């Protein structure tokens with residue numbers, strides 16, 4: 001038998017891997033670009049975020065409650081926010097009442113089984129929300145039927161409804177009292193929503209600390225303007 005010919009698979013595999021790496025690099029650059037564009041768009045919404053943070057603090061300081069809900073990654077965002085309020089964000093303060101509606105698995109599955117998945121949040125809103133509470137709904141599409149039903153249920157009990165969504169206008173924005181709609185792709189929107197809830201928590205904490213120190217409410221006004229330059233480890 002003659003000598004084995006040079007293996008052709010090696011160079012070909014190397015070429016394919018290089019192309020895949022280039023493609024992955026381009027995809028990552030695209031992802032980062034979408035992320036940065038969506039984050040930059042937050043600057044136009046800082047007054048709204050500031051207002052939400054201050055009014056959420058005012059309501060919870062007077063004994064009201066936050067109920068938050070979302071699906072999938074947005075559920076994680078909702079639970080992140082409630083954890084910051086029940087626990088703490090970036091410094092010591094008192095705990096506040098905040099419930100993430102997807103986190104109670106027995107209620108969620110029981111309601112879904114008996115009434116349908118569209119009602120898994122709405123029925124909990126009817127059970128837990130009272131007039132003056134805040135129901136905050138997280139979504140990238142703004143079209144989830146169970147979130148739309150939750151907004152309707154909140155209206156029945158007199159709770160305020162806030163929607164944090166992707167590009168608007170969308171059905172959830174129209175169904176809620178107030179909304180912040182962020183431009184961008186699904187992943188970029190979810191990443192920006194995390195920044196929004198951290199900004200909201202910074203304003204919330206500043207309002208609570210000012211209240212506890214006896215400072216006038218105006219002491220925290222406009223405090224969100226430089227928060228995009230700040231961060232939290």
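Applying 0.36 nm per residue to the separation of residue 36 and residue 104 and subtracting their alpha-carbon distance, the gain on full extension is 21.1 nm. Computed from the C-beta positions of residue 194 and residue 130 and an R0 of 45 Å, the FRET efficiency is 0.95 to the nearest 0.05. Among 77, 104, the ranking by other beta carbons within 10 Å of each residue's beta carbon, starting with the fewest, stands as 104, 77. One Cα centroid belongs to segment 71-106, the other to segment 158-215; the line between them spans 14 Å. Summarising the label geometry, the points placed 7 Å from Cα in the beta-carbon direction at residue 178 and residue 114 lie 3.5 nm from one another.
Every number here is computed from the coordinates shown, using simple stated rules; none is lab data. This is a predicted model, so every value here is computed, not measured. In this analysis, Cβ positions are derived from the backbone assuming ideal geometry, glycine residues included, and neighbour counts consider all displayed protein chains.
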